[in-house]
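Structure first, commentary second.
The values are calculated or read from the model by the stated rules, or taken from the named source; none is laboratory data. All values derive from a computational prediction rather than experimental measurement. Cβ: placed from backbone, ideal geometry, glycine included. Neighbour counts: every protein chain shown.
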Amino acid sequence: MESQVRSADVVVIGAGQAGLSAAHHLQRRGGVSVVHLDAEHGPGGAWRHRWDSLTMATVNGIRELPGMPEIEAARTESANRAVPEYFAEFERRLGTPIERPVHVTAVQDDPSTEPSPDPAADPVPLLVRSRDPDGRPRAPLRTRAVLNATGTWTRPFVPALSGAGRFRGRQLHTAGYRRAEDFAGMRVGIIGGGISAIGHLLEIAEVGETFWYTRREPVFEDRPFTTELGRAAVAEVEDRVRQGLPVRSVVSVTGLPLTPALREARRRGILARRPMFTEITADGVREADGRETALDVLLWATGFRHELRHLRPLRLHNAQGGITMDGTAVAHDPRIHLLGYGPSASTIGANRAGRAAAGRVLRDLARRRAPA
(Lines give C-alpha, C1' and ligand atoms only; values in the text may rest on other atoms or scores of the structure.)
Protein backbone atom coordinates (compact mmCIF):
# COMPACT_ATOMS: atom_id res chain seq x y z
CA MET A 1 0.00 0.00 0.00
CA GLU A 2 2.90 2.39 0.76
CA SER A 3 4.03 2.05 -2.87
CA GLN A 4 0.64 3.41 -3.96
CA VAL A 5 1.02 6.76 -2.19
CA ARG A 6 -0.92 9.56 -3.86
CA SER A 7 0.10 13.21 -3.66
CA ALA A 8 -1.78 16.50 -3.39
CA ASP A 9 -0.77 20.00 -2.37
CA VAL A 10 -3.66 20.24 0.10
CA VAL A 11 -5.94 17.70 1.77
CA VAL A 12 -9.26 18.89 3.16
CA ILE A 13 -10.80 16.58 5.77
CA GLY A 14 -14.52 17.05 6.33
CA ALA A 15 -17.31 18.42 4.15
CA GLY A 16 -19.35 20.44 6.59
CA GLN A 17 -19.69 24.21 6.37
CA ALA A 18 -16.01 24.92 7.05
CA GLY A 19 -14.62 22.22 4.76
CA LEU A 20 -16.85 23.23 1.86
CA SER A 21 -15.99 26.89 2.34
CA ALA A 22 -12.27 26.10 2.28
CA ALA A 23 -12.62 23.94 -0.84
CA HIS A 24 -14.54 26.74 -2.57
CA HIS A 25 -11.84 29.33 -1.91
CA LEU A 26 -9.00 26.96 -2.86
CA GLN A 27 -10.73 26.19 -6.14
CA ARG A 28 -11.55 29.83 -6.86
CA ARG A 29 -7.97 30.97 -6.38
CA GLY A 30 -6.51 27.89 -8.10
CA GLY A 31 -2.91 26.85 -8.60
CA VAL A 32 -2.90 23.87 -6.22
CA SER A 33 -4.05 20.28 -6.30
CA VAL A 34 -6.65 19.39 -3.66
CA VAL A 35 -8.06 16.11 -2.37
CA HIS A 36 -11.24 16.41 -0.30
CA LEU A 37 -12.17 13.56 2.07
CA ASP A 38 -15.39 13.13 4.04
CA ALA A 39 -16.54 10.40 6.42
CA GLU A 40 -20.25 10.79 5.66
CA HIS A 41 -22.12 8.77 3.03
CA GLY A 42 -23.50 11.92 1.42
CA PRO A 43 -23.62 15.73 1.67
CA GLY A 44 -24.68 17.53 4.83
CA GLY A 45 -22.03 16.85 7.45
CA ALA A 46 -23.45 16.58 10.97
CA TRP A 47 -26.77 18.02 9.81
CA ARG A 48 -27.58 14.58 8.42
CA HIS A 49 -27.90 13.30 11.99
CA ARG A 50 -29.99 16.01 13.65
CA TRP A 51 -33.34 15.02 15.12
CA ASP A 52 -36.49 15.42 13.02
CA SER A 53 -38.10 17.98 15.35
CA LEU A 54 -35.21 20.41 14.80
CA THR A 55 -36.89 22.44 12.07
CA MET A 56 -35.69 25.41 10.09
CA ALA A 57 -37.78 27.58 12.42
CA THR A 58 -36.02 26.34 15.57
CA VAL A 59 -32.47 25.71 14.37
CA ASN A 60 -29.86 28.00 15.92
CA GLY A 61 -28.88 30.02 12.86
CA ILE A 62 -27.56 28.82 9.50
CA ARG A 63 -25.31 30.90 7.32
CA GLU A 64 -25.33 30.57 3.55
CA LEU A 65 -22.32 28.96 1.88
CA PRO A 66 -20.00 31.13 -0.24
CA GLY A 67 -21.58 32.24 -3.49
CA MET A 68 -24.91 30.63 -2.59
CA PRO A 69 -28.25 32.22 -1.76
CA GLU A 70 -29.81 31.64 1.63
CA ILE A 71 -31.51 28.30 2.19
CA GLU A 72 -34.99 28.34 0.71
CA ALA A 73 -36.92 25.92 2.90
CA ALA A 74 -40.20 26.00 4.79
CA ARG A 75 -39.92 26.85 8.46
CA THR A 76 -41.59 23.54 9.26
CA GLU A 77 -39.09 21.45 7.28
CA SER A 78 -36.63 19.36 9.29
CA ALA A 79 -33.07 20.70 9.22
CA ASN A 80 -31.74 17.17 8.67
CA ARG A 81 -33.32 17.26 5.20
CA ALA A 82 -33.15 20.93 4.22
CA VAL A 83 -29.50 21.56 5.06
CA PRO A 84 -28.06 18.41 3.40
CA GLU A 85 -30.02 19.27 0.24
CA TYR A 86 -28.52 22.76 0.32
CA PHE A 87 -25.01 21.34 0.82
CA ALA A 88 -25.58 18.91 -2.05
CA GLU A 89 -26.47 21.77 -4.38
CA PHE A 90 -23.31 23.61 -3.32
CA GLU A 91 -21.21 20.52 -4.06
CA ARG A 92 -22.78 20.26 -7.51
CA ARG A 93 -21.88 23.88 -8.19
CA LEU A 94 -18.38 23.40 -6.79
CA GLY A 95 -17.82 20.60 -9.26
CA THR A 96 -14.84 19.01 -7.53
CA PRO A 97 -15.28 15.42 -6.34
CA ILE A 98 -15.42 14.66 -2.63
CA GLU A 99 -14.19 11.18 -1.75
CA ARG A 100 -16.64 9.54 0.64
CA PRO A 101 -17.19 7.75 2.86
CA VAL A 102 -13.57 7.85 3.97
CA HIS A 103 -12.45 7.63 7.60
CA VAL A 104 -9.10 9.33 8.25
CA THR A 105 -7.18 7.32 10.83
CA ALA A 106 -3.94 9.28 11.19
CA VAL A 107 -2.03 12.32 9.98
CA GLN A 108 1.72 12.10 10.55
CA ASP A 109 5.08 13.27 9.29
CA ASP A 110 5.98 11.43 6.11
CA PRO A 111 8.52 8.82 7.33
CA SER A 112 10.05 8.50 3.86
CA THR A 113 11.20 12.14 3.80
CA GLU A 114 14.43 13.34 5.39
CA PRO A 115 14.03 16.45 7.58
CA SER A 116 15.13 19.67 5.91
CA PRO A 117 18.00 21.78 7.30
CA ASP A 118 15.45 24.61 7.41
CA PRO A 119 12.12 23.10 8.60
CA ALA A 120 10.40 26.49 8.62
CA ALA A 121 11.10 27.09 4.94
CA ASP A 122 10.82 23.47 3.82
CA PRO A 123 8.76 21.43 6.31
CA VAL A 124 8.44 17.67 6.05
CA PRO A 125 5.39 16.59 4.04
CA LEU A 126 2.46 15.00 5.84
CA LEU A 127 1.09 11.53 5.27
CA VAL A 128 -2.69 11.13 5.60
CA ARG A 129 -3.81 7.58 6.32
CA SER A 130 -7.42 6.49 5.90
CA ARG A 131 -9.70 3.50 5.49
CA ASP A 132 -12.94 2.54 3.79
CA PRO A 133 -16.11 1.79 5.79
CA ASP A 134 -15.31 -1.94 5.71
CA GLY A 135 -11.96 -1.25 7.40
CA ARG A 136 -9.74 -1.72 4.37
CA PRO A 137 -6.84 0.77 4.29
CA ARG A 138 -6.69 3.19 1.41
CA ALA A 139 -3.58 4.43 -0.37
CA PRO A 140 -1.93 7.10 1.84
CA LEU A 141 -1.94 10.71 0.72
CA ARG A 142 1.26 12.78 0.80
CA THR A 143 0.54 16.49 1.19
CA ARG A 144 2.02 19.84 2.21
CA ALA A 145 -1.00 21.04 4.16
CA VAL A 146 -4.09 19.66 5.88
CA LEU A 147 -7.24 21.70 6.41
CA ASN A 148 -9.01 19.79 9.17
CA ALA A 149 -12.76 20.40 9.33
CA THR A 150 -13.94 17.25 11.12
CA GLY A 151 -16.23 19.03 13.58
CA THR A 152 -17.44 17.51 16.84
CA TRP A 153 -20.50 15.34 16.12
CA THR A 154 -18.55 12.06 16.19
CA ARG A 155 -17.22 12.76 19.71
CA PRO A 156 -20.18 13.12 22.09
CA PHE A 157 -19.05 13.84 25.64
CA VAL A 158 -20.59 12.18 28.71
CA PRO A 159 -18.92 12.94 32.06
CA ALA A 160 -17.83 9.97 34.15
CA LEU A 161 -20.05 9.76 37.24
CA SER A 162 -20.28 7.23 40.01
CA GLY A 163 -22.90 4.55 39.48
CA ALA A 164 -23.44 5.02 35.74
CA GLY A 165 -23.10 1.28 35.16
CA ARG A 166 -25.79 0.45 37.72
CA PHE A 167 -28.59 2.46 36.13
CA ARG A 168 -31.36 0.14 34.89
CA GLY A 169 -33.06 2.78 32.76
CA ARG A 170 -32.05 4.16 29.39
CA GLN A 171 -29.10 6.48 28.84
CA LEU A 172 -28.44 8.41 25.65
CA HIS A 173 -26.63 11.49 24.43
CA THR A 174 -27.98 14.33 22.29
CA ALA A 175 -26.29 12.59 19.35
CA GLY A 176 -28.76 9.72 19.76
CA TYR A 177 -31.89 11.83 20.30
CA ARG A 178 -34.55 11.50 17.59
CA ARG A 179 -37.97 12.62 18.84
CA ALA A 180 -39.78 13.53 22.04
CA GLU A 181 -42.48 10.90 21.49
CA ASP A 182 -39.94 8.21 22.34
CA PHE A 183 -40.18 9.40 25.98
CA ALA A 184 -43.94 9.63 26.34
CA GLY A 185 -45.06 9.06 29.93
CA MET A 186 -41.47 8.76 31.20
CA ARG A 187 -39.50 10.57 33.89
CA VAL A 188 -36.53 12.04 32.02
CA GLY A 189 -33.44 13.61 33.57
CA ILE A 190 -31.87 16.08 31.14
CA ILE A 191 -28.29 17.03 31.93
CA GLY A 192 -26.65 20.11 30.42
CA GLY A 193 -26.98 23.88 30.30
CA GLY A 194 -26.80 24.63 26.59
CA ILE A 195 -29.17 25.15 23.69
CA SER A 196 -29.59 21.42 23.01
CA ALA A 197 -30.63 20.76 26.63
CA ILE A 198 -33.17 23.57 26.45
CA GLY A 199 -34.59 22.16 23.22
CA HIS A 200 -34.95 18.70 24.74
CA LEU A 201 -36.65 20.17 27.80
CA LEU A 202 -39.24 22.08 25.80
CA GLU A 203 -40.10 19.07 23.64
CA ILE A 204 -40.11 16.25 26.20
CA ALA A 205 -42.05 18.31 28.78
CA GLU A 206 -45.04 18.05 26.42
CA VAL A 207 -45.11 14.24 26.59
CA GLY A 208 -43.36 13.28 29.83
CA GLU A 209 -41.98 14.61 33.12
CA THR A 210 -38.63 16.39 32.97
CA PHE A 211 -35.91 17.04 35.54
CA TRP A 212 -33.19 19.51 34.53
CA TYR A 213 -29.65 19.24 35.95
CA THR A 214 -26.70 21.58 35.38
CA ARG A 215 -23.35 22.06 37.08
CA ARG A 216 -23.75 25.83 37.09
CA GLU A 217 -26.71 28.14 37.27
CA PRO A 218 -27.75 28.81 33.64
CA VAL A 219 -27.34 32.39 32.45
CA PHE A 220 -30.28 33.77 30.49
CA GLU A 221 -29.71 36.98 28.57
CA ASP A 222 -32.77 39.23 28.51
CA ARG A 223 -31.43 41.48 25.76
CA PRO A 224 -31.24 41.32 21.97
CA PHE A 225 -28.27 39.47 20.53
CA THR A 226 -26.55 42.25 18.59
CA THR A 227 -23.66 42.15 16.15
CA GLU A 228 -21.49 43.82 18.77
CA LEU A 229 -22.27 41.13 21.35
CA GLY A 230 -21.51 38.41 18.82
CA ARG A 231 -18.18 39.96 17.89
CA ALA A 232 -17.22 40.36 21.55
CA ALA A 233 -18.03 36.70 22.23
CA VAL A 234 -16.02 35.50 19.24
CA ALA A 235 -13.11 37.72 20.28
CA GLU A 236 -13.10 36.18 23.75
CA VAL A 237 -13.05 32.63 22.38
CA GLU A 238 -10.38 33.61 19.84
CA ASP A 239 -8.20 35.03 22.60
CA ARG A 240 -8.36 31.72 24.47
CA VAL A 241 -7.18 29.63 21.53
CA ARG A 242 -4.45 32.17 20.76
CA GLN A 243 -3.17 31.57 24.29
CA GLY A 244 -3.44 27.81 23.85
CA LEU A 245 -6.19 27.43 26.45
CA PRO A 246 -8.88 24.74 26.15
CA VAL A 247 -11.70 25.81 23.86
CA ARG A 248 -14.93 27.33 25.15
CA SER A 249 -17.98 27.55 22.93
CA VAL A 250 -19.35 30.89 21.79
CA VAL A 251 -22.65 30.02 23.50
CA SER A 252 -20.89 29.59 26.84
CA VAL A 253 -19.75 33.20 26.51
CA THR A 254 -23.00 34.74 25.26
CA GLY A 255 -25.47 32.95 27.54
CA LEU A 256 -28.93 31.69 26.56
CA PRO A 257 -31.26 34.17 24.84
CA LEU A 258 -34.53 34.52 26.76
CA THR A 259 -36.94 33.99 23.87
CA PRO A 260 -40.75 34.13 24.17
CA ALA A 261 -40.79 30.31 24.18
CA LEU A 262 -38.37 30.22 27.12
CA ARG A 263 -40.38 32.83 29.00
CA GLU A 264 -43.44 30.63 28.68
CA ALA A 265 -41.43 27.55 29.71
CA ARG A 266 -40.18 29.40 32.77
CA ARG A 267 -43.75 30.40 33.68
CA ARG A 268 -44.81 26.76 33.46
CA GLY A 269 -41.91 25.62 35.66
CA ILE A 270 -40.15 23.66 32.92
CA LEU A 271 -36.90 25.58 33.51
CA ALA A 272 -36.74 24.66 37.20
CA ARG A 273 -33.07 23.80 37.25
CA ARG A 274 -31.60 21.42 39.83
CA PRO A 275 -27.96 21.27 40.97
CA MET A 276 -25.98 18.40 39.49
CA PHE A 277 -26.66 15.08 41.20
CA THR A 278 -23.85 13.38 43.11
CA GLU A 279 -24.26 9.84 41.78
CA ILE A 280 -26.35 7.61 39.57
CA THR A 281 -28.33 4.86 41.26
CA ALA A 282 -30.00 1.75 39.86
CA ASP A 283 -33.33 3.55 39.59
CA GLY A 284 -32.39 7.21 39.19
CA VAL A 285 -30.00 9.72 40.72
CA ARG A 286 -28.83 10.91 44.13
CA GLU A 287 -29.65 14.59 44.41
CA ALA A 288 -27.23 17.15 45.84
CA ASP A 289 -29.27 17.17 49.08
CA GLY A 290 -29.02 13.37 49.45
CA ARG A 291 -32.51 12.43 48.30
CA GLU A 292 -32.98 9.87 45.52
CA THR A 293 -35.07 10.74 42.47
CA ALA A 294 -36.46 7.92 40.35
CA LEU A 295 -35.88 8.34 36.61
CA ASP A 296 -36.57 6.25 33.53
CA VAL A 297 -34.11 8.03 31.24
CA LEU A 298 -30.88 10.02 31.51
CA LEU A 299 -30.45 12.28 28.48
CA TRP A 300 -26.95 13.76 28.35
CA ALA A 301 -26.94 17.13 26.56
CA THR A 302 -23.35 17.64 27.68
CA GLY A 303 -21.79 18.67 24.43
CA PHE A 304 -19.09 17.31 22.17
CA ARG A 305 -15.33 17.32 21.88
CA HIS A 306 -13.43 18.26 18.72
CA GLU A 307 -12.69 15.25 16.56
CA LEU A 308 -8.91 15.51 16.42
CA ARG A 309 -7.86 11.99 17.37
CA HIS A 310 -6.36 11.35 13.93
CA LEU A 311 -3.97 14.27 14.55
CA ARG A 312 -2.46 12.77 17.72
CA PRO A 313 0.78 11.64 15.98
CA LEU A 314 1.61 15.35 15.47
CA ARG A 315 1.39 16.19 19.22
CA LEU A 316 -0.50 19.44 18.73
CA HIS A 317 -1.82 19.81 22.29
CA ASN A 318 0.14 21.78 24.87
CA ALA A 319 0.57 21.26 28.61
CA GLN A 320 -2.61 23.27 29.28
CA GLY A 321 -4.70 20.82 27.27
CA GLY A 322 -5.36 23.24 24.42
CA ILE A 323 -3.83 23.93 21.02
CA THR A 324 -2.11 27.27 20.51
CA MET A 325 -3.50 28.84 17.34
CA ASP A 326 -2.29 31.50 14.93
CA GLY A 327 -5.50 32.33 13.11
CA THR A 328 -6.66 29.03 11.62
CA ALA A 329 -3.14 27.52 11.69
CA VAL A 330 -1.60 25.62 14.58
CA ALA A 331 1.05 28.02 15.88
CA HIS A 332 3.93 25.57 16.03
CA ASP A 333 2.85 23.51 13.00
CA PRO A 334 1.32 25.73 10.28
CA ARG A 335 0.99 22.72 7.99
CA ILE A 336 -2.20 22.03 9.98
CA HIS A 337 -5.26 24.30 9.94
CA LEU A 338 -8.17 23.67 12.29
CA LEU A 339 -11.50 24.83 10.89
CA GLY A 340 -14.58 24.85 13.08
CA TYR A 341 -12.31 25.06 16.12
CA GLY A 342 -12.70 27.80 18.71
CA PRO A 343 -14.10 31.02 17.22
CA SER A 344 -14.91 29.32 13.91
CA ALA A 345 -17.29 26.81 15.55
CA SER A 346 -20.37 28.44 14.02
CA THR A 347 -21.71 28.67 10.51
CA ILE A 348 -20.60 32.30 10.17
CA GLY A 349 -17.20 31.57 11.68
CA ALA A 350 -16.78 28.47 9.53
CA ASN A 351 -17.18 30.47 6.32
CA ARG A 352 -14.62 33.01 7.45
CA ALA A 353 -12.22 30.30 8.60
CA GLY A 354 -12.45 28.51 5.26
CA ARG A 355 -11.57 31.68 3.38
CA ALA A 356 -8.74 32.59 5.78
CA ALA A 357 -7.23 29.09 5.76
CA ALA A 358 -7.26 28.88 1.96
CA GLY A 359 -5.51 32.23 1.67
CA ARG A 360 -2.87 31.36 4.27
CA VAL A 361 -2.14 27.93 2.76
CA LEU A 362 -1.76 29.33 -0.75
CA ARG A 363 0.63 32.01 0.48
CA ASP A 364 2.68 29.48 2.44
CA LEU A 365 2.92 27.07 -0.48
CA ALA A 366 3.92 29.85 -2.87
CA ARG A 367 6.64 31.01 -0.48
CA ARG A 368 8.07 27.49 -0.16
CA ARG A 369 8.17 27.05 -3.91
CA ALA A 370 9.80 30.42 -4.59
CA PRO A 371 13.51 30.27 -5.48
CA ALA A 372 15.91 31.27 -2.73
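So the values come out like this:
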read-out	value
Failed criterion for Pro334 (all others in (1) in the same structural domain as Glu203 (by TED's automatic domain parsing); (2) part of a strand (DSSP E or B) hold)	(1)
Verdict on Thr143 being surrounded by 12 or more Cβ atoms within 10 Å (Cβ to Cβ) and in contact with a Phe, Trp or Tyr (Cβ under 6 Å, 6 or more places away or on another chain)	no
Residue tally, condition small (Gly, Ala, Ser) and over 22 Å from Pro334 (Cα atoms), over region 5-53	6
Failed item, numbered, when Ala106 is tested on (1) hydrophobic (A, V, I, L, M, F, W, C); (2) in contact with a Lys or Arg (Cβ under 7 Å, 6 or more places away or on another chain); (3) free of Cβ contacts under 8 Å to residues at least 60 places away in the same chain	(3)
All positions within region 265-311 that are among the hydrophobic types (A, V, I, L, M, F, W, C), loosely packed, with under 14 Cβ neighbours inside 10 Å and either under 14 Å from Arg168 (Cα atoms) or in the same structural domain as Ala149 (by TED's automatic domain parsing) (or both)	Ala282, Ala294
Subset of region 279-312 (residues that are at positive phi and within 30 Å of the chain's Cα centre (by Cα))	Gly303
Matching option when the condition is in contact (Cβ under 8 Å) with a residue 24 or more places away in the chain, exposed (fewer than 15 other Cβ atoms within 10 Å of the Cβ) and under 30 Å from Thr259 (Cβ atoms), among Pro159, Pro84, Pro69	Pro159
Residue list for region 191-211, restricted to those being assigned to a strand (DSSP E or B) and within 21 Å of Pro260 (Cβ to Cβ)	Thr210
Selection count where residues are closer than 21 Å to Ala184 by Cα, in a strand (DSSP E or B) and not aliphatic (A, V, I, L, M), scope region 274-299	2
Close pairs from region 23-34: first basic (Lys, Arg), partner part of a helix (DSSP H, G or I), Cβ under 8 Å, at least 6 apart	Arg29/Ala358; Arg29/Gly359; Arg29/Leu362
Hits in region 104-124 - residues which are buried (at least 18 other Cβ atoms within 10 Å of the Cβ) and of a type outside the set (A, V, I, L, M, F, W, C)	Pro123
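A quick yes/no check of all residues on (1) closer than 21 Å to Thr174 by Cα; (2) more than 16 Å from the chain's Cα centre (by Cα); (3) at pLDDT below 95:
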site	(1), (2), (3)
Glu40	yes, no, no
Ile71	no, yes, yes
Glu77	yes, yes, yes
Ala82	yes, yes, yes
Glu114	no, yes, yes
Pro117	no, yes, yes
Thr152	yes, no, yes
